[in-house]
1. Just grab the label-to-label distance for residue 78 and residue 178, each label 7 Å out from Cα along the Cβ direction, in nm (one decimal).
2. Whenever you get a sec, compute what percent of the accessible area on the chain sits on carbon and sulfur atoms (1.4 Å probe).
3. Note down the relative contact order for the chain as a percent, whole number, built from C-alpha pairs under 8 angstrom at least six residues apart.
4. Stretched out fully, how many nm does the piece from residue 200 to residue 49 gain, at 0.36 nm a residue minus the Cα gap?
5. How tilted is helix 46-56 with respect to the longest principal axis of the chain? Cα atoms for both, answer in degrees (0 to 90, nearest 10).
6. Which net charge results when you count Lys and Arg as +1 and Asp and Glu as -1 among the other residues whose beta-carbon is under 9 Å from that of residue 58?
7. Which residues among the range 1-33 fall inside the zone where the amide N is under 16 Å from a point 7 Å beyond the Cα of residue 65, along Cα→Cβ?
8. Ranked by accessible surface with a 1.4 Å probe, highest first, in what order do 168, 96 come?
Amino acid sequence: MALNLMLMGPPGAGKGTQARRLARGFHVPHIATGDILREAVEANTPLGRAAAAIMDAGQLVGDDIVIGIVRNRLQRPDAATGFVLDGFPRTVPQAEALDAMLDRRNPLVVIDVAVDDEDVIRRLSKRRVCTGCGTIVGAKEGLPPVACPDCNGALVQRRDDRESVVRERLTVYRQRTAPLIDYYRERPTFRSVDGGLTEDEVAAAVADAAHGGSVVRRTA
Ligand code: AMP
């Protein structure tokens, strides 16, 4: 089985949650450049030190840096039969680099998760991340959740989920990442889905898009 999947969409579209689930279902690694960069910041590596201020400002880390991260990650054996990319590519040069990396692999399935700006701000103001297991916890209404439903771990707000930074991330998304929709639109393996869909509905769209490229058998 092989699935080369990329989820795109504005911050707060639900990509991370969907990506984790799809990766589990297809038995391929979930590769989230934001997670890799946050780990580097946490570990205070040279990469983390270079990226921290950029991330806190809601800006994009340089293309060469993230392309290098993804190139290395895709060469690891667990990515040989596929992957779910979450948060990469975010610019046209990154997308071109990814196409070059995938030269001899199956086609890339691209799912664009569409959400409007006010929805993003509402969702992210309540989004919390578990410090124990990394689960992303949203709140449909009312106050943000206080403990992780999976492991009861403490929940924290991401530094860049504060409203001023979210607005900057949205601007950056519209200017630098949304053009990727035109980059991928004509491919038979591209689908745009509503961010309000359930996880099952998104999984169905992925299977349909993958079928467009005739490359996947879903086993989960
Ligand atoms: P995310 O968790 O995907 O929202 O990413 C958090 C932050 O990491 C972004 O706001 C960027 O600063 C940085 N980042 C993650 N992925 C990329 C990427 N593909 N290109 C540039 N910067 C990125």
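1. In this crude spin-label approximation the distance works out to 3.5 nm.
2. Working: 5490 of 10940 Å².
Carbon and sulfur: 50 percent of the exposed surface of the chain.
3. Working: 348 pairs, mean separation 65.3, N = 220.
Rounded, it is 30 percent for the chain.
4. On the way: separation 151, 0.36 × 151 = 54.36 nm, distance 3.85 nm.
Net length gain for the segment: 50.5 nm.
5. 70
6. Working: positive: 167, 169; negative: 56, 160, 168.
Net charge around residue 58: -1.
7. Answer for this model: 33.
8. On the way: 168 65, 96 100 Å².
So, going from the largest accessible area down, we get 96, 168.
The values are calculated or read from the model by the stated rules, or taken from the named source; none is laboratory data. What you are looking at is a predicted structure, and each value in this text was computed from that prediction instead of being measured. Because the Cβ atoms are built from the backbone with ideal geometry, glycine has one as well, and the counts that use them run over all protein chains shown. Remember, those area values only see protein heavy atoms, side chains included, never the ligands or the DNA or RNA. Shrake-Rupley method; radii C 1.70, N 1.55, O 1.52, S 1.80 Å.
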